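**Q** Below are the structure tokens for one structure; questions will follow.
The values are calculated or read from the model by the stated rules, or taken from the named source; none is laboratory data. Please read these numbers as outputs of a predicted model, since none were measured by experiment. Cβ placement follows ideal geometry from the backbone for every residue including glycine, while neighbour counts extend to all protein chains displayed. Side chains included, ligands, DNA and RNA excluded: accessible areas come from the protein's heavy atoms. Shrake-Rupley method; radii C 1.70, N 1.55, O 1.52, S 1.80 Å.
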Amino acid sequence: MKFLIVFVALFALAVAAPAQSDDVQVLRQDSNVGIDNFQTSLELNNGIKQQAEGQLKQISSEESAIVVRGAYSWVDPSGQEHSITYIADENGYQPQGADIPVAPVA
């Protein structure tokens with residue numbers, strides 16, 4: 001359930017990012033929800049894109065989790081595109097991208 005909350009929070013963040021114009025339109029929106037999986041994607045005319053897919057994973061005989069793999073991107077006011085890919089599973093949210101700071105090596 002935590003992973004679904006993380007996914008929804010990230011989706012809301014991507015959609016709520018400041019728009020470059022006052023008239024933001026959905027260019028493409030797809031979703032497919034099954035009993036134990038889902039796929040979703042969204043593209044807006046201001047450069048925001050989001051896609052994710054999730055699947056129920058059996059961790060133990062008594063525990064299961066949703067594993068989500070996805071990506072989102074946006075265009076900053078200077079026109080540069082920023083992209084993040086991620087996986088969210090029983091090990092937590094694991095984003096990757098050039099815009100994520102890396103801890104210094106000791």
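**Q** Heavy atoms only, probe 1.4 Å: what % of the accessible area of segment 34-106 goes to carbon and sulfur, would you let me know?
**A** After summing per-atom areas, the C and S share lands at 51 percent.
**Q** Counting only heavy atoms of protein chains, what accessible area per residue, in Å², does segment 15-85 have with a probe of 1.4 Å?
**A** Per-residue value: 67 Å².
**Q** Quick one: length gained pulling Gln39 to Ser60 fully straight, 0.36 nm per residue minus the C-alpha distance?
**A** 5.1 nm
**Q** Still on this structure, I have one more. What ranking do 63-76, 80-93 get when scored by the average of other Cβ atoms within 10 Å per residue, highest first?
**A** 63-76, 80-93
**Q** I would also like to ask the following. Sort the following peptides by mean Cβ neighbour count (other Cβ atoms within 10 Å, averaged over residues), highest first: 42-51, 27-36.
**A** Descending packing order for the listed peptides: 42-51, 27-36.
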